[in-house]
Amino acid sequence: MTYEIQAAARAAQGTGASRRLRKTGKLPGIVYGGSAAPLAIELDHNSMYYTLQEEAFHTALIKLAVDGKTEQVLLRSVNYHPFKQQVLHVDFQRVEAGTTVEVRVPLHFVGADTCEGVKLQGGSIRYILNDVKVRCLADKIPEFLNVDLSKMAVGNTIAHLADIQLPEGVELMALVRGEDLAVASLNGAKAG
């Protein structure tokens, strides 16, 4: 999915300027990276707040239009208010389509309710990881990675990173470092 966001450059920076900006319904942010200098921007708070609720937005290559000039960026950081439903600041990183990047990608678990360990052996699935760091080309970032739990039974009670089917050109950073971490485990199953 491709996201397009409109923004405007802002001259005033600092805590007071950001506070005044938020009172007008705007959201301060910054765009950095690439060969250009960092650029302070302002965005519409409400549209960004609801866009940030979409899981795919956090791993998508975004087209950011700042005063008519469009750049490709990745969302790198979001700061939220501690108790209000308010975004305080966003950071974007400029990227080219052929650039290799490292990003966190969410895991989607499938087949947990139909696996033998749950259906026939009375166990329950415990999820250990929710997301993983991957390295790939910026235009090949997967929206999410599927973890198939349909084969879990008493004999194989733990799913590992090595069990995840990866798209071509995507590598898990933990596996590159030699760490085959557990992703999910089967608890309380009885041999049948």
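Values quoted throughout were computed directly from the atomic coordinates according to the rules given, and no laboratory measurement underlies them. In this text, all values refer to a predicted model and were calculated from it rather than measured experimentally. Because the Cβ atoms are built from the backbone with ideal geometry, glycine has one as well, and the counts that use them run over all protein chains shown.
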So what's the gap between the Cα centers of the stretch 172-192 and the stretch 52-97, to the nearest angstrom? 32 Å
Once you have the Cα-Cα distance between R76 and E54, take 0.36 nm times their residue separation minus that, and quote the gain in nm to one decimal. 6.4 nm
So if I restrict to the alpha-carbon atoms in the stretch 1-127, what is the Rg, and what is Dmax, the biggest pairwise distance, in Å? 18.9, 63
Within the stretch 98-192, report the trypsin sites (Lys or Arg not before Pro) that DSSP leaves as loop and that have at most 12 other Cβ atoms within 10 Å. R177, K190
Given only helices, namely DSSP H runs of n ≥ 4 each adding -39500 (n - 2.57), what is the per-residue ellipticity at 222 nm of the chain, to the nearest 500 deg cm²/dmol? -3000 deg cm²/dmol
